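Read through the structure below, which is laid out as structure tokens, and then see the notes.
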Amino acid sequence: MDMPSENFQDLVWSDDLALGIEDIDEQHKQWIELVQAFHVAVAEGRSREEVYRTLADAVVYTEIHFASEQKVMEEAGYPFLADHLVQHSLAWEQLHAFTTGNVPEENIAEYLATFLPQWLMLHINSADRQFARWLKERDAIPAELADAQLSGRVFPNIPV
């Protein structure tokens, strides 16, 4: 039995990727556009300058997005923030593979043109979606119950 395969190289924004968190969704749309521009530059064999310019754009936006997403998660009190940041860190290490010498310079563009779309799609659909679900569940709990859960008391207004 053949397993269906996904071609992440053709990463495009669709409503299936929407998390329902407007700022993050807008950033993901922008990020996907930048990653696609880089991938197209590599796939079409454009000049080295254009390949590296589009890569630089994607890398700079990655840093902006990671910081913004981290701030949203910190402000929300996301309990799995540390795990999420580990994933960001691993991606960041891959983006900077050329500075470590782990990937020869002549292979960097092709390597990242494969890595970036795959990682972005998987990350949005797993870790980011997990945060979105957590946030929606948290916001669905009435405030007094949320306070009780934080204090460990079911009926926080009853004196003990």
Look at PRO104 and say whether it is at pLDDT below 90, closer than 21 Å to VAL42 by Cβ and in contact with a Phe, Trp or Tyr (Cβ under 7 Å, 6 or more places away or on another chain).
no
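Return a yes/no flag: does segment 31-49 have any residue that is closer than 26 Å to ARG138 by Cβ and assigned to a helix (DSSP H, G or I).
yes
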Sole residue being open to solvent by less than 50 Å² (accessible area, probe 1.4 Å), at pLDDT 90 or above and either closer than 19 Å to GLN130 by Cβ or not polar (S, T, N, Q) (or both), chosen from LEU81, LEU55:
LEU81
Selected residue (only one of TYR52, TYR78 is out of contact with any Gly (no Cβ under 6 Å at 6 or more places or on another chain), aromatic (Phe, Trp, Tyr) and not in a helix (DSSP H, G or I))
TYR78
Across segment 116-135, what is the number of residues that are open to solvent by less than 10 Å² (accessible area, probe 1.4 Å) and under 16 Å from ILE24 (Cα atoms)?
7
May I ask you to list pairs of residues, at least six apart or on different chains, whose Cβ atoms are under 8 Å apart, with the first in segment 51-65 being within 14 Å of TRP31 (Cβ to Cβ) and the second being of a type in the set (Gly, Ala, Ser) and open to solvent by 20 Å² or more (accessible area, probe 1.4 Å)?
THR54/ALA37; ASP57/ALA37; ALA58/ALA37
With GLN30, GLN36 as the choices, which residue is closer than 30 Å to GLU106 by Cα and open to solvent by 60 Å² or more (accessible area, probe 1.4 Å)?
GLN30
Condition met for ALA113 (surrounded by 12 or more Cβ atoms within 10 Å (Cβ to Cβ) and modelled with pLDDT under 90):
yes
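The values are calculated or read from the model by the stated rules, or taken from the named source; none is laboratory data. A quick note: this is a predicted structure, and the numbers were derived from the prediction, not measured. In this analysis, Cβ positions are derived from the backbone assuming ideal geometry, glycine residues included, and neighbour counts consider all displayed protein chains. Each accessible area value is taken on the protein alone, full model and side chains, heavy atoms only, with ligands, DNA and RNA left out. Shrake-Rupley method; radii C 1.70, N 1.55, O 1.52, S 1.80 Å.
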